[in-house]
1. So if I check each of THR193, THR215, which one is under 17 Å from VAL138 (Cα atoms) and free of Cβ contacts under 8 Å to residues at least 40 places away in the same chain?
2. Hey, can you tell me all the residues within the range 235-246 that are touching a Leu at 6+ places or on another chain (Cβ under 7 Å) and part of a loop (DSSP other than H, G, I, E, B)?
3. Just to be sure before I move on: is VAL255 under 22 Å from GLY173 (Cα atoms), in contact (Cβ under 8 Å) with a residue 40 or more places away in the chain, in contact with an Asp or Glu (Cβ under 8 Å, 6 or more places away or on another chain) and surrounded by fewer than 18 Cβ atoms within 10 Å (Cβ to Cβ) in the structure I sent?
4. Which residue pairs have Cβ atoms under 7 Å apart, sit 6 or more places apart or on different chains, and have a first residue in the range 153-169 that is without any contact (Cβ under 8 Å) to a residue 60 or more places away in the chain and closer than 13 Å to ASP2 by Cβ and a second that is assigned to a loop (DSSP other than H, G, I, E, B) and not small (Gly, Ala, Ser)?
5. Taking the options GLY105, GLY116, name whichever one is closer than 23 Å to THR65 by Cα and modelled with pLDDT under 95.
6. Determine whether LYS104 is in a loop (DSSP other than H, G, I, E, B) and either more than 30 Å from GLU8 (Cβ to Cβ) or among the β-branched types (Val, Ile, Thr) (or both).
7. Which ones in the range 124-141 are of a type in the set (A, V, I, L, M, F, W, C), at pLDDT 95 or above and within 15 Å of ALA109 (Cβ to Cβ)?
8. Scan the range 60-94 for residues that are assigned to a loop (DSSP other than H, G, I, E, B) and more than 24 Å from TYR132 (Cα to Cα) and jot them down.
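The values are calculated or read from the model by the stated rules, or taken from the named source; none is laboratory data. This structure is a prediction, so every number in the text was calculated from the model and none was measured. Ideal geometry is used to build each Cβ from the backbone, glycine not excepted, and the neighbour counts take in all protein chains shown.
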Amino acid sequence: MDADVSKELQKVLKKQGMKFAISHGVTSVERNGDEVLVKATDKKGREVEFTGDYCLVAVGRKPFTEGLGLENAGVQLNERNQVEVNDHLQTSVSNIYAIGDVVKGAMLAHKAEEEGVVVAEYLAGQKPHIDYNLIPGVVYTWPEVASVGKTEEQLKEAGVEYKSGQFPMRALGRSRASGDIDGFVKILADKTTDEVLGVHMVGARVADLISEGVTAMEFRASAEDIARMSHAHPTYAEAVKEAALAATEDRALHV
């Protein structure tokens, strides 16, 4: 996700008491009774040890395509053992379609759901499509993290000229009332057209708020379009309006 989001979440989680050991290579994990011992080397090559009650291993995910008999049906896989599909999610066998975690793209339930609808509509003779750039991603920590569209790093890499508007959650009345003051909303918009290119959030209930960003981007809204929408007060959603104002000539009202 966007680097600013990553930094903010790490800062908040540190404040909650979490410790981070970045750029470490794990060499072994052992269980001794009720204790788990993890040995690793840091970026200077020194050996370090961590102990705990559990060790959660999260080194990525892979498609669960083994044992399905796909080779018997003639369904082709790619080098990552994902099912190869075309733009209609049709496999190398014309009457077999594939969706979700076994095909390319983000391994997200809502992405799979959209693909299922696309296949059904295509089979019914309609002409559906999916804009994978508008599939939101959410991290269900507290505060939550949510993102849709391009990150600032991706826009820089692509050479796109953009504007950035950001608004802190701590400036919201609703956030102060609930005590959830960590985080921010960040909106990236095209420097010339003002079209929203990415929305990135850290804060309370942003898993729900990101849908506003998806809706705006689906209709190719500008940052000013969002800024001119009335948002109920007090709500967390006001941060979206304020970030849009900030992206529109730095016009946020409440900072």
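1. Numbers: THR193 fails: under 17 Å from VAL138 (Cα atoms).
So the residue among THR193, THR215 that is under 17 Å from VAL138 (Cα atoms) and free of Cβ contacts under 8 Å to residues at least 40 places away in the same chain is THR215.
2. Taking the range 235-246 as the starting set, the residues that turn out to be touching a Leu at 6+ places or on another chain (Cβ under 7 Å) are 236-240, 242, 245.
Of everything in the range 235-246, those that are touching a Leu at 6+ places or on another chain (Cβ under 7 Å) and part of a loop (DSSP other than H, G, I, E, B) turn out to be TYR236, ALA237.
3. Numbers: under 22 Å from GLY173 (Cα atoms): yes; in contact (Cβ under 8 Å) with a residue 40 or more places away in the chain: yes; in contact with an Asp or Glu (Cβ under 8 Å, 6 or more places away or on another chain): yes; surrounded by fewer than 18 Cβ atoms within 10 Å (Cβ to Cβ): yes.
So VAL255 passes the test.
4. That search, which allows pairs on different chains as well, returns TYR162/LYS191.
5. Working: GLY116 fails: modelled with pLDDT under 95.
Going through GLY105, GLY116 in turn, the sole match is GLY105.
6. On the way: in a loop (DSSP other than H, G, I, E, B): yes; either more than 30 Å from GLU8 (Cβ to Cβ) or among the β-branched types (Val, Ile, Thr) (or both): no.
The answer is no for LYS104.
7. Looking only at the range 124-141, we keep the residues that are of a type in the set (A, V, I, L, M, F, W, C), and these are 124, 130, 134-135, 138-139.
With the extra rule that they be at pLDDT 95 or above, the set shrinks to 124, 134-135, 138-139.
Of everything in the range 124-141, those that are of a type in the set (A, V, I, L, M, F, W, C), at pLDDT 95 or above and within 15 Å of ALA109 (Cβ to Cβ) turn out to be ILE135, VAL138, VAL139.
8. Residues satisfying the conditions are GLU66, GLY67, LEU68, GLY69, GLY74.
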